[in-house]
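Working notes, beginning with the structure itself.
The values are calculated or read from the model by the stated rules, or taken from the named source; none is laboratory data. Since we're looking at a predicted model, the values are computed, not measured. Cβ placement follows ideal geometry from the backbone for every residue including glycine, while neighbour counts extend to all protein chains displayed. Note: accessible area is taken over every heavy atom of the protein model, side chains too, but ligands, DNA and RNA are not part of it. Shrake-Rupley method; radii C 1.70, N 1.55, O 1.52, S 1.80 Å.
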Amino acid sequence: MRASALAELGQASDGGELDAWRVKYLGRKGQLTAILRGLSSLPVEERRTVGAAANQLRGALEEQLQARTDELRNASSPKAERLDVTLPGRRGNRGGLHPVTQTIRDITDAFAAMGFQTVEGPDVEWEQYNFDALNIPPGHPARDMQDTFWLDAPESDANGSMLLKTQTSPMQIRMMEKTEPPIRIVSPGRCFRHEATDATHEWQFFQVEVLAVDEGISFADMKGTLYEFARRIFGPDRRVRFRVDFFPFVEPGAEMAIDCFRCGGDGCRTCSGSGWIEIMGAGMVHPKVLEGVGYDSEKYTGFAAGMGVERIAMLRHGIDDVRLFAAGDLRFLSQF
Ligand code: FA5
């Protein structure tokens, strides 16, 4: 009985089977109970031996029943069964667009709404496109202001040496060489300058170039277009201010500022107390530049503008250091 009882107990796999086993051997009408009940009918000498053996077996079976019960309970405890299908799912990490990319899209969208197409140029540029064709010949002081990373070109070319572009303006030349007016384009791109970096200067940054060339384009068209752009990016109440500035490839040249959206023009930290924030360089395309690409400068006129993308993003989000954009720190980037 001991052998068969223990073998059957090992097979029992749930509470119901354990209970049936208990009834079979230890229950009121169980096999072991029957033996114990029958003791009185045995001769006295046998009664002692059989009684001791039967009691010993009952203790052993009860002990084994408890052990098997514990074993089965542990196997189905929450520790072993970790899957709770009622818990809400865990969200995975999702990527997002870099704040510079977002800003570029907002800028190009604002111009797209006014009929401007987005085009992109190369990062490595010819000296000819980056400087000469933009009326910045060798030795011109404007080259010093945009000192950059020169590359070892395989051999000198009619286009000069190669460099990492310092501005998006060379795309003006590339587009005009390729197409006849009318032209209305915006061109976002990465720029590089040899800078001692600080909170507002990086050695790599982004610009967006704007170019419109057609018959009869005037300074008023430029002002109207850039004004509308400023309102779309910085809010419908913005006012703009144009002041004289110099860039070799435009004449007249201007710098455009918006009235400070933080203080409304009273003067605060964002606008350095002046009430105005400069956001881009602009001007009418220089006749020399038009002639250089083979356009008749008596027939065609145009305007160009260029702005720093990080600068726009810093103003919109209140970011105080341009170096954060390229630092690759997710604590910064995941806020956008
Ligand atoms: C230019 O680069 C002209 N190509 C802009 C232009 C285009 C004028 C068309 C007229 C017509 P400037 O060097 O000022 O201009 O640079 C324009 C903007 O680029 C700056 O206002 C600034 O926002 C950004 N920028 C320039 N250098 C850096 C730098 N080191 N780090 C971050 N942003 C910069």
**Prompt:** Gaussian network model of the chain, Cα springs within a sub-10 Å range: biggest mean-square fluctuation belongs to which of GLN207, GLN172, GLN56?
**Reply:** GLN56
**Complete:** With a 1.4 angstrom probe the carbon and sulfur portion of accessible area for the chain, in percent, totals 49 percent
**Item:** GNM flexibility winner over the chain from GLY96, GLY59, GLY308 (Cα, springs under 10 Å)
**Value:** GLY59
**For the chain: accessible area per residue (Å², 1.4 Å)** = 57 Å²
**Request:** At a 1.4 Å probe radius, which order do LEU324, LEU39 fall into by accessible area, largest first?
**Result:** LEU324, LEU39
**Item:** Spatial extent of the chain: Rg and Dmax, with the Cα atoms as the point set, Å
**Value:** 42.2, 138
**Order by protection proxy (mean Cβ within 10 Å, highest first), peptides 278-287, 215-224** = 278-287, 215-224
**Item:** Added length on full extension, which subtracts the Cα-Cα distance from 0.36 nm per residue, ALA158 to ALA196
**Value:** 10.5 nm
**Prompt:** With labels modelled as points extended 7 Å from the Cα through the Cβ direction, what inter-label distance (nm, one decimal) is found for ARG82 paired with ASP221?
**Reply:** 6.7 nm
**Prompt:** Could the peptides 288-298, 101-111 be put in order, highest first, of the mean number of other beta-carbon atoms found within 10 Å of their residues?
**Reply:** 101-111, 288-298
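So, R0 is 30 Å and r is the distance between the beta-carbons of THR69 and ARG91; what FRET efficiency does that work out to, to 0.05?
0.15
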**Message:** Between VAL44 and ARG2, what is the label-point separation in nm under the 7 Å Cα-to-beta-carbon projection?
**Reply:** 2.8 nm
**Item:** Listed residues TRP21, TRP126 arranged by accessible area, highest first, probe 1.4 Å
**Value:** TRP126, TRP21
**Asked** Leaving out ligands, DNA and RNA but keeping every protein chain, what accessible area does MET176 have, in Å² rounded to the nearest 10, with a 1.4 Å probe?
**Response** 0 Å²
**Request:** Would you mind putting 190-201, 65-76 in packing order, based on average other-beta-carbon counts within 10 Å, highest first?
**Result:** 190-201, 65-76
